[in-house]
Amino acid sequence: MKKLVIVIFLCTTANLLAQSPTETYLLELSRKKFEWLIAKNADSIQVTFDDRIQYVHSNGWIQSKQEVLDDMKSGRLVYQQVTVKEAMVRVYGNAAVVTGLGTFEGINSGTAFKLDLRYTEVYVKTRTRWMLASRHSNRMP
């Protein structure tokens, strides 16, 4: 058992050390974005979402930045909990792709939902910050 714990610790530590500061930052930004959606923190969403974002939900519903903000403010779509089970990032210069798997819980137009989703987020770096340019999710069986 002790050897198993040591192996798990070494693998986890090696993975963390292998991440660049940019990769660590982007994974944290992606995680925070879920927190902001739950907390209805429109200011943080406003500065993190690119003006031309396409936010594609698992049912094929596509939203603009303004539509996401409007739904957040009106309560049409309420995120109550997001549990990220896995996430990884690949950086390509001024672009990055975050892929992950999580459980998303909330209320959509008065109907509760709990979905396991695989998601892809594309971030682009502007002069001053990383911004979410595209998001797409798929339901998992």
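I need every pair where a residue in the range 17-33 that is within 13 Å of Tyr123 (Cα to Cα) has its Cβ under 6 Å from the Cβ of a residue that is at pLDDT 95 or above and of a type in the set (Gly, Ala, Ser), sequence separation at least 6 or different chains.
As it stands, the answer is Leu26/Ala96; Leu27/Ala87, since those pairs meet every condition given.
If you take the residues of the range 115-141 that are in contact with a strand residue (DSSP E or B) (Cβ under 7 Å, 6 or more places away or on another chain) and over 19 Å from Ile62 (Cα atoms), which of them is surrounded by the most Cβ atoms within 10 Å (Cβ to Cβ)?
Result: Trp130.
I need a count of the residues in the range 97-141 that are at pLDDT below 95 and of a type in the set (D, E, K, R).
Here the count works out to 1.
Filter the range 72-87 down to the residues that are surrounded by 13 or more Cβ atoms within 10 Å (Cβ to Cβ) and under 11 Å from the mean Cα position of the chain (by Cα), then identify the one that is farthest from Lys40 (Cα to Cα).
For the range 72-87, the residue satisfying everything is Ala87.
Output the number of residues of the range 28-67 satisfying the condition of being assigned to a helix (DSSP H, G or I), over 14 Å from the mean Cα position of the chain (by Cα) and buried (at least 17 other Cβ atoms within 10 Å of the Cβ).
Within the range 28-67, residues that are assigned to a helix (DSSP H, G or I), over 14 Å from the mean Cα position of the chain (by Cα) and buried (at least 17 other Cβ atoms within 10 Å of the Cβ) number 1.
Out of the residues in the range 90-103 that are of a type in the set (Val, Ile, Thr) and over 11 Å from the mean Cα position of the chain (by Cα), state the one that is surrounded by the fewest Cβ atoms within 10 Å (Cβ to Cβ).
Once the filter is applied, the top-ranked residue is Thr103.
Pairs only if they're at least six apart or on different chains, beta carbon under 7 angstrom, first in the range 43-65 and free of Cβ contacts under 8 Å to residues at least 60 places away in the same chain, second of a type in the set (Asp, Glu) and part of a strand (DSSP E or B); list them, first residue then second.
Lys65/Asp51
The values are calculated or read from the model by the stated rules, or taken from the named source; none is laboratory data. The structure displayed is predicted, hence computed values, not measured ones. Note that we place each Cβ from the backbone using ideal geometry, even for glycine, and neighbour counts take in every protein chain shown.
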